[in-house]
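Below you'll find the structure, written out as structure tokens, and then a few comments.
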Amino acid sequence: MKGAPPTKPEAVDQIWAIIKRVDERGRAIDERWGCGRLPTLVPVDWAAKFASQSSKFNHAIYQYDLAESLKHGEAMIRAYDRLEALAIEAGASDAPPDQWEFETDDGLVILIRDKSRLGQVQTRGRKCQVWSLDEIASVIRNAKIVAECKMAFPGAELVETRPARAVAESLLNDDVPFL
């Protein structure tokens, strides 16, 4: 019966594998071109064909129809490839990486998600530091006490940090409170 999960677990596993493959291709496309941006970079008739194919694929997987899911899943991969080729042919440029900007005492900092895109950051000629989330993770791994505090107190905000030497000197100069 269409619309209900297949009675054979292997059919469900196969449909999930198809979905995963199409989803991985879609994520790669979104990573390169921007989320949902690729259909806007090609002629309208091709964008409409893509939308139609996407609808057919979604209908097939919602119906738990293995044969149709496979057929339309493969067609989705070809559709992504065709749209990408059309965008390249039209001279469209990749989307710049998502970036977040903030100021520190040392100047502008730009934070991006993926370190492989460090060279694609839009600095607009400004002098700045560019950090990836991988680099921030490395800093956190080396700041064990801060990480432990954030784990112990969910929602806690890091307000200020001082170099380890400054902390040690301030402790040496503190009055002993229990004497």
Across (1) surrounded by 15 or more Cβ atoms within 10 Å (Cβ to Cβ); (2) touching a residue at least 60 places away in the same chain (Cβ under 8 Å), Asp94 clears everything bar (1)
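May I ask you to list the residues in the range 24-43 that are modelled with pLDDT under 90 and assigned to a loop (DSSP other than H, G, I, E, B)?
Let us first name the residues in the range 24-43 that are modelled with pLDDT under 90, namely 30-37.
Gly34, Cys35, Gly36, Arg37 - these are the residues of the range 24-43 that are modelled with pLDDT under 90 and assigned to a loop (DSSP other than H, G, I, E, B).
Ser116 - would you say it is in contact with a strand residue (DSSP E or B) (Cβ under 9 Å, 6 or more places away or on another chain), free of Cβ contacts under 8 Å to residues at least 12 places away in the same chain, among the small types (Gly, Ala, Ser) and over 24 Å from Pro43 (Cα atoms)?
When the stated conditions are applied, Ser116 passes them.
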Check your understanding: Hey, any hits in the range 58-68 for a residue that's more than 30 Å from Ile110 (Cα to Cα) and either of a type in the set (Lys, Arg) or under 23 Å from the mean Cα position of the chain (by Cα) (or both)?
Key -> yes
Of the residues in the range 88-115, those that are among the hydrophobic types (A, V, I, L, M, F, W, C) and farther than 29 Å from Arg126 by Cβ number 2
Of the candidates Ile110, Ile61, Ile77, the one satisfying the condition of being of a type in the set (A, V, I, L, M, F, W, C), closer than 30 Å to Ser138 by Cβ and either modelled with pLDDT of 90 or more or assigned by TED's automatic domain parsing to the domain that holds Glu135 (or both) is Ile110
Over the range 89-99, the set of residues under 9 Å from Leu41 (Cβ atoms) and either in contact with a strand residue (DSSP E or B) (Cβ under 9 Å, 6 or more places away or on another chain) or assigned to a helix (DSSP H, G or I) (or both) is none
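The values are calculated or read from the model by the stated rules, or taken from the named source; none is laboratory data. Since the model is a prediction, treat every value here as computed from it, not as a measurement. When we count neighbours, we look across all protein chains shown, and the Cβ atoms used for this are built from the backbone with ideal geometry, even at glycine.
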